Amino acid sequence: MIGIFDSGVGGMTVAQAVEQLLPDSPLLYLGDIARTPYGTKSARTIIDYSVENTRFLIQQGAKVIVIACNSASSVATDRLRREFNIPIIEVITPAIEQALSTSRTGRIGIIGTRATIRSGVYEDKIRQQHPGYKVFSKACPLLVPLVEEGWTGKRETKMILRRYLHDLKNQQIDTLILGCTHYPLLKDLIQARIGKKVTLIDSSAATALFLKSYIDRDKAFETPGNHDPSQNRFFVTDLTETAAQIASKIFGRTIQLLPI
Ligand code: DGL
């Protein structure tokens, strides 16, 4: 069983990509809506929440954990790997791999929450592999609440994006990493603003591929073979109206959210 968590609905973009690629693997999701957003909180708090989320998913039967949140991946991955004896997959490495194989000019942009950008993890990992690459990052803290509110097509959201992407637009990047799992829900607006010459890297799809190759290699990971994805369970720490709507939109079917 695959356990996936995020601070809210954003990680469902990862869950949906995982469900599509691995339809035979039962999936459990936890959205910590009661405590969203994570990206404005301290590393210590994000780590504590991530430990609790992981513990819950393991109690429910998860055998591999996907941290479907860049903020938690940035600061909590090492701690989760030390504390829990099952594979912990994060979203940053797959996104970087995809960005590095995409970029031709070595000028890469990253947008994410404050916690992710402050951690410097993307820059560090890219420069470790390509010291000459130029990395431009921008924290966009207002975007997560806008997505959680379902404001993905509003004029106000476009205005905020224009402001956030202004500097990046002048840096001649050819690749932009969506370093937050909420941002694929704003993909069209971001693409329109940054320009169609820039390739957007969606960590959801990249992470699902990474997980699939991991599971394919791992002989110990058993999949039942006749699993029905509609049996996948989606837990939330708070049940809000918008969350249920966004979840159903992401999956293209009615998703019943289970409050814990
Ligand atoms: N979707 C998460 C991320 O990738 C969470 C953002 C947040 O809660 O601030 O960073």
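The figures follow:
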read-out	value
From phi via Karplus (6.51, -1.76, 1.60), per-residue ³J(HN,Hα) for region 10-24 in Hz, x at Gly/Pro	x, x, 5, 5, 6, 4, 5, 5, 5, 4, 5, 7, 10, x, 8
Local net charge near P131, Cβ-Cβ under 13 Å (Lys/Arg +1, Asp/Glu -1)	+1
Sparse-neighbour loop sites [trypsin sites (Lys or Arg not before Pro); region 75-117; at most 11 other C-beta within 10 Å; DSSP]	R104
Placed amide H near L200: partners under 5 Å, 5+ positions off or other chain	L176
H130 versus Q231: modelled label distance in nm, points set 7 Å from Cα along the beta carbon direction	4.3 nm
Simple Cβ-charge dipole of region 18-163, Lys/Arg +1 and Asp/Glu -1, about Cα centre, in debye nearest 20	740 debye
Heavy-atom accessible area per residue - the chain, 1.4 Å, Å²	46 Å²
Using θ = phi - 60° and Karplus 6.51 cos²θ - 1.76 cosθ + 1.60, couplings along region 49-56 (whole Hz; Gly, Pro as x)	5, 5, 5, 4, 4, 5, 4, 4
MRE, 222 nm, helices only [DSSP H, n ≥ 4, -39500 (n - 2.57), over the chain, to nearest 500]	-14000 deg cm²/dmol
Within the chain: Cβ-based charge dipole about Cα centre, in debye rounded to nearest 20 (Lys, Arg +1; Asp, Glu -1)	1020 debye
Lysine pairs in the chain with Cα atoms under 15 Å, if 8 or more residues apart or on separate chains	13
Debye, to nearest 20: dipole size of region 1-101, +1 on Lys, Arg Cβ, -1 on Asp, Glu Cβ	300 debye
Ratio of the Cα radius of gyration of the chain to 2.2 N^0.38 Å, where N counts its residues	0.95
Sparsely packed trypsin sites (Lys or Arg not before Pro) within region 219-260, loop by DSSP, other Cβ within 10 Å at most 11	K219, R253
Percent RCO, i.e. relative contact order, over region 84-222, from Cα pairs under 8 Å lying at least 6 residues apart	32 percent
Within-14-Å neighbourhood charge of E97 [Cβ basis; K, R +1; D, E -1]	0
Centroid-to-centroid separation of region 185-216 and region 160-178 [C-alpha atoms, Å]	15 Å
At most 14 other Cβ within 10 Å, DSSP loop - GluC sites (Glu not before Pro), region 114-218	E149
Relative contact order %, region 165-260, counting alpha carbon pairs below 8 Å whose residues are six or more apart	21 percent
Residue-wise HN-Hα coupling along region 127-141, computed from phi with Karplus coefficients 6.51, -1.76, 1.60 (Hz; x: Gly, Pro)	5, 4, 8, 9, x, x, 5, 9, 10, 10, 10, 8, 7, 10, x
With every protein chain in place, the chain: carbon and sulfur % of accessible area (1.4 Å)	48 percent
Percent RCO, i.e. relative contact order, over the chain, from Cα pairs under 8 Å lying at least 6 residues apart	28 percent
Sequence-distant residues sharing a close amide H with I4 (under 5 Å, placed H)	L28, Y29, L30, V66
Unit charges at the beta carbon, dipole of the chain: most positive-side option, G120, V135, G225	V135
Folded to 0 to 90 degrees: helix 155-169 orientation relative to the chain principal axis, Cα	60 degrees
Other-chain or far-sequence residues with amide H under 5 Å of I110's (modelled H)	F136, S137, K138, I177
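The values are calculated or read from the model by the stated rules, or taken from the named source; none is laboratory data. Remember, predicted model here, so these are calculated numbers, not experimental data. Note that we place each Cβ from the backbone using ideal geometry, even for glycine, and neighbour counts take in every protein chain shown. Side chains are part of the model used for accessible areas, which takes the heavy atoms of the whole protein and leaves out ligands, DNA and RNA. Shrake-Rupley method; radii C 1.70, N 1.55, O 1.52, S 1.80 Å.
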